[in-house]
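Visitor: One structure is given below, represented as structure tokens, and several questions about it will come after.
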Amino acid sequence: MRTVRRLFYADIVSSVAFVAVAFLSLFFFIDFVDELGNIGTRGYTLFNAAAYALLLLPGHLYELLPIAVLIGAIYALARLAQTSQYTILRTGGLGPGRALWLLTSLGLLFAVVTWLVGDYAAPASERYASEVKALRLGGVRVGAAGAWLRDHAQTPEGERSYSVNVGAAEGGSRLRDVRIFEFDADGHLLSRTAAATAEVARDATWTLHDVHVTRWLESDGAPRAVEDARPLLVWHSTLSATVVAAAVLPVSTMSTIELWRYIGHLASNEQAAQSQEILFWKRALYPFACLVMMGLALPFAYLGSRSGGVSFKVFGGIMIGISFVLLNNVAGHLGLLRDWTPWIVATIPSALYMLMSFAAFSWLVRYR
């Protein structure tokens, strides 16, 4: 059994590694070509473009690893079936249950690797890539209308709520074009603070630079605007650097725990968080897609040479992988539109393909 395990693991791991490297090379080339248009802008060089494309590779690896597992496992198992090695192994006592357990244990290993890459390597590298690009190109715009955050505070004058708009980010804690709107408990606008730049500390203290404050005061029964310009202003908030980074940087820069904390912040401020909840459950369950891919690859070991060559089976695996990614994305959009339960939306694609793999495996074992 140890020899069989070594044969399976060596063939499948080498095939998955080859497929992953091929996909990563393609994505590196695409990202690098996409960055060529920025060369020469504010000192952005060819080296910066190559470094930025390299820093995006862990994120691509996280997204592509289940697909690479599917294609690599299909290639390895189809090759064993093509050369009749798998038939010999079945004759020697490798039953369906043992084969399924071998692939399940290997799938768990790939799931752990996917989780480590997705929760540690990819967020760190993509956050650093965003900061490098922002420093070179003068900040990254946060959408057409910027990013909005909400905050509440209890002051001696009463309850206050704040709506914060960030126009651009130079990393998760360095912001540009910041506007802070202060409201009272009745929703009346009290002040507007505009700052050219801001720095957010870990203790949720905002240091604003080049500040213009406009306050609306009651004077003789009529509102009056009072403006004040300051070079520096310190604002004590509950919006920490982690929450701000979650709002202004791409979701790929957050780990699963950080995404969960950001959802809690949105819920406490009565903001819609369904899209973030769907992303959280997708992120939490995505590593288990490697198990689903292994289950989909196993039936190909029971298809002989008469069922098509290795290249034909690999092409079929690519189509299955594309359909899985497509269904996963469509399910997320449908769940957001239909207001479905987030964890069900994230589970449906994997559960459906797992049922398909077990049905195909059972049929092939019984009739082939």
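Visitor: Could you list, in sequence order, all residues of the range 246-278 that are β-branched (Val, Ile, Thr) and either closer than 19 Å to Leu326 by Cα or out of contact with any strand residue (DSSP E or B) (no Cβ under 7 Å at 6 or more places or on another chain) (or both)?
Guide: Val251, Thr253, Thr256, Ile257, Ile263, Ile278
Visitor: Regarding Arg79, is this residue out of contact with any strand residue (DSSP E or B) (no Cβ under 6 Å at 6 or more places or on another chain), without any contact (Cβ under 8 Å) to a residue 12 or more places away in the chain and among the basic types (Lys, Arg)?
Guide: It is false that Arg79 is out of contact with any strand residue (DSSP E or B) (no Cβ under 6 Å at 6 or more places or on another chain), without any contact (Cβ under 8 Å) to a residue 12 or more places away in the chain and among the basic types (Lys, Arg).
Visitor: Do you know which residues across the range 285-299 are over 16 Å from the mean Cα position of the chain (by Cα), farther than 14 Å from Leu102 by Cβ and either open to solvent by 10 Å² or more (accessible area, probe 1.4 Å) or modelled with pLDDT under 85 (or both)?
Guide: Those that are over 16 Å from the mean Cα position of the chain (by Cα), farther than 14 Å from Leu102 by Cβ and either open to solvent by 10 Å² or more (accessible area, probe 1.4 Å) or modelled with pLDDT under 85 (or both): Leu296, Pro299.
Visitor: Output yes when any residue across the range 62-74 is over 24 Å from Val325 (Cβ atoms), touching a residue at least 12 places away in the same chain (Cβ under 8 Å) and open to solvent by less than 30 Å² (accessible area, probe 1.4 Å), and no when none is.
Guide: Step one: filter the range 62-74 for residues over 24 Å from Val325 (Cβ atoms), giving none.
No, that holds for no residue.
Visitor: Continuing with the same structure: If a residue counts only when it is modelled with pLDDT of 80 or more, of a type in the set (S, T, N, Q) and open to solvent by 20 Å² or more (accessible area, probe 1.4 Å), which helices (runs of 4 or more DSSP H) contained entirely in the range 75-161 have at least 1 such residues?
Guide: By residue number, 96-116.
Visitor: Which of the residues spanning the range 36-56 are surrounded by fewer than 21 Cβ atoms within 10 Å (Cβ to Cβ) and in a helix (DSSP H, G or I)?
Guide: Leu36, Gly37, Asn38, Leu46, Phe47, Asn48, Ala50, Ala51, Ala53, Leu54
Visitor: Restricting to the range 247-272, give me the number of residues that are free of Cβ contacts under 8 Å to residues at least 60 places away in the same chain, crowded, with 18+ Cβ neighbours inside 10 Å and under 24 Å from Ala168 (Cβ atoms).
Guide: Of the residues in the range 247-272, 4 are free of Cβ contacts under 8 Å to residues at least 60 places away in the same chain, crowded, with 18+ Cβ neighbours inside 10 Å and under 24 Å from Ala168 (Cβ atoms).
Visitor: Still on this structure: Here is a list of conditions, (1) hydrophobic (A, V, I, L, M, F, W, C); (2) under 23 Å from the mean Cα position of the chain (by Cα); (3) more than 21 Å from Thr205 (Cβ to Cβ), and Ala225 meets all of them except one; can you say which number that is?
Guide: (2)
For (1) open to solvent by less than 50 Å² (accessible area, probe 1.4 Å); (2) polar (S, T, N, Q), each residue gets a yes or a no:
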| residue | (1), (2) |
| --- | --- |
| Leu175 | yes, no |
| Phe181 | yes, no |
| Asp184 | yes, no |
| Leu189 | no, no |
| Ala201 | yes, no |
| Ala204 | yes, no |
| Leu208 | yes, no |
| Thr214 | yes, yes |
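Visitor: Can you tell me how many residues in the range 279-302 are aromatic (Phe, Trp, Tyr) and either touching a Leu at 6+ places or on another chain (Cβ under 7 Å) or over 20 Å from Leu326 (Cβ atoms) (or both)?
Guide: Selection size over the range 279-302: 3.
Visitor: Pick from the range 216-246 the residues that are outside any loop (DSSP other than H, G, I, E, B) and hydroxyl-bearing (Ser, Thr, Tyr): which of them is least open to solvent (accessible area, probe 1.4 Å)?
Guide: For the range 216-246, the residue satisfying everything is Ser219.
Visitor: Looking at the structure I just gave you, is Glu63 closer than 24 Å to Ser357 by Cα and acidic (Asp, Glu)?
Guide: yes
The values are calculated or read from the model by the stated rules, or taken from the named source; none is laboratory data. Treat the numbers as computed from the prediction; the structure is a model and nothing was measured. Reconstructed Cβ throughout: ideal geometry from the backbone, glycine too, with neighbour counts over all protein chains shown. When the accessible area is computed, the model is the full protein with side chains, heavy atoms only, and any ligands, DNA or RNA have been set aside. Shrake-Rupley method; radii C 1.70, N 1.55, O 1.52, S 1.80 Å.
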